[in-house]
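The values are calculated or read from the model by the stated rules, or taken from the named source; none is laboratory data. These figures come from a predicted structure and were not determined experimentally. Counting neighbours? That spans all protein chains shown, and the Cβs are built from the backbone with ideal geometry, glycine included. With ligands, DNA and RNA removed, areas are computed over all heavy atoms of the protein, side chains included. Shrake-Rupley method; radii C 1.70, N 1.55, O 1.52, S 1.80 Å.
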Amino acid sequence: MLSQEDINFIENSLSYEDKVSLIFLLYGHRNPKYALQILAVAGQAPASEETNFLVDWMNYVKQSSDWEDELLEALTITEQNLLLLRAGFDDEELRLKYFPRTSEISFLVHPMLKGLYNFCERLDDANASKLIVQLQETTGVSSLQNQNMETVLLHLLCNGKIQLGSKQSGQESNLLVLTAACKAIELYDESDFLKSIVSHFNRHTSKRDQEQSDASTKNIPETTDVASKHNPTGTIVATVETNHSPLIESYTFSAERAGIVLLINQFSFYRETNPELVELVPARPLKDRKGTEVDKNALESLFTEFGYDLILEENITHHQILQAVQHAVQRIKPIHCSLIVCLLSHGQEGKVFGSNSIPVEVKAIQQLMANERLTGKPKLLIVQACQGADLQSAVPIPNHEHDGPDGGERTASVFMDFLVAWSTVPGFASIRHIEKGSWFIQELCTKLRQLYGSEHIMDILTAVINDVASKRGYGNECMVPIVQSTLSKKLYFHRRTEAQGANV
């Protein structure tokens, strides 16, 4: 529990700019006028003078049991890593809890404030100045000059020029003035970013409105309806099968009949000696994939909790990989909701290796999955393998390896209701820690566990991409996953125990 002494320490360790960001995140939706008053006082005070706005805020919201978590989330979003460490917190643990770089996901901080903070961080000083001039011309608000961007946004909130929105009251967000101003000065990427966060917020707000309307029409208490759609603890199969959004349908998913997950885990490799195949063997021997056991265990635990029947295959040849996929497809029954195939191996662009060092085209695996048994059902293919050998840095990676040699042929998903998640973009290596497992699989499992109850698979993968992309190896190596999707609906998961409990 944070004490007042802790709060004072945190506040007086912040620069003025950091205080502006924190006030914006904490007060922006509660009382933007008061936030401007605080900033006016803080801006006039000598740098050495202590302030106490965080203590005031703590007392203001202390009736809420979540105030401490909200403050920690705001500090994590503003990347106060060193300060959090000095205050006794694990900054990595907080990062995994709050996903600071993922604008679309927020827990206690108002999601639009988080998105707008990230928008401000995207602007350099020159573009911020141009945008402020444009906003002053278009809004007529005369108090915008000589202000930083977050303060400008607080002024626009006070004058009603932009609206954050409220999920509780069903009020949608409106940033049209800001979006138009970005377009006017040719900040098209920033304009698209604003549209994205508004769309995400309003989509969930519209969803809540629809649920409230349905509850009223059917004379069902709102809390019951909302819980059945948002809280997996109260999942009812009939409700799960209805839309999660009035705009985009959701796939039917019940943990009692989730389907099949095929997990192919390749640890050790040998070199094929068949004369007809030997020319396909890479020039250099494939090393053992140390750390893959950690990935295997994480995936196995996760998807069995979601209700999937597991098929585990390890160290199998290129031909056996295709046979295993075909066998998994044949096990799909009409009552099953989906099929998931996870490939953990070495790879080239568009290919993964069998234990005999012969590559298999991922496209061939997709063709097997595109079976009429799975028409209309989501088919997920998760590939933890290199798509080349290039790294962002050429220095050695202690405790890290990459999964595969050079060469290969690029492929893409072309089938309906498919989602293919690759651990890295084409042409680059996929980093795997020899003790902790691969960056991609570990982040994927972490995010699915934390977000499955409220977010669909594409939003969860957005969080995965953001967090994997922020990681760095010992030599500053980095990687970026890529997702190819032809999903036509949203896919939400539920745990087996929750679904069973709801039907008791």
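Observations on the structure shown:
- Heavy-atom accessible area ranking, 1.4 Å probe, most first, across E435, E313, E11, E279: E279, E435, E313, E11
- In this label model, K471 and L280 are separated by 3.0 nm, measuring between points 7 Å along each Cα→Cβ vector.
- Surface share of carbon and sulfur [accessible, 1.4 angstrom probe, percent] for the range 248-388: 48
- Restraint check, K296/K447; K377/K489; K114/K489; K33/K161; K62/K161; K97/K471, Cα-Cα greater than 19 Å: K114/K489; K62/K161
- Take every pair of alpha-carbon atoms less than 8 Å apart whose residues are at least six positions apart; their mean separation over the length of the range 285-386 yields a relative contact order of 32 percent.
- For a paramagnetic label modelled on K97 (point 7 Å from Cα along Cα→Cβ), amide N atoms under 11 Å away belong, within the range 1-16, to 1-2.
- Shape category assigned to the range 160-207 from the gyration tensor of Cα positions, a/c cut at 1.5: oblate
- Between V41 and S65, the FRET efficiency from the beta-carbon distance, with R0 = 35 Å, is close to 0.75.
- The range 9-60, accessible area per residue, ligands and nucleic acids excluded (1.4 Å, Å²): 48
- Overall, the anisotropy analysis places the range 27-92 in the oblate class: the square-rooted eigenvalues a ≥ b ≥ c of its C-alpha gyration tensor yield a/c not less than 1.5, with a/b not exceeding b/c.
- Using a probe of 1.4 Å, the accessible surface attributed to C120 totals some 10 Å² when neighbouring protein chains are kept in position.
- Protection proxy ranking of 459-468, 350-359, by the mean of other Cβ atoms within 10 Å over each peptide's residues and highest first, is 350-359, 459-468.
- Length gained on full extension, L176 to R496: 110.9 nm, using 0.36 nm per residue less the C-alpha separation.
- Only protein heavy atoms count here; on that basis, with a 1.4 Å probe, R257 has an accessible area of about 60 Å².
- Cα gyration tensor shape for the range 251-360, rounded if a/c is under 1.5, else prolate or oblate: prolate
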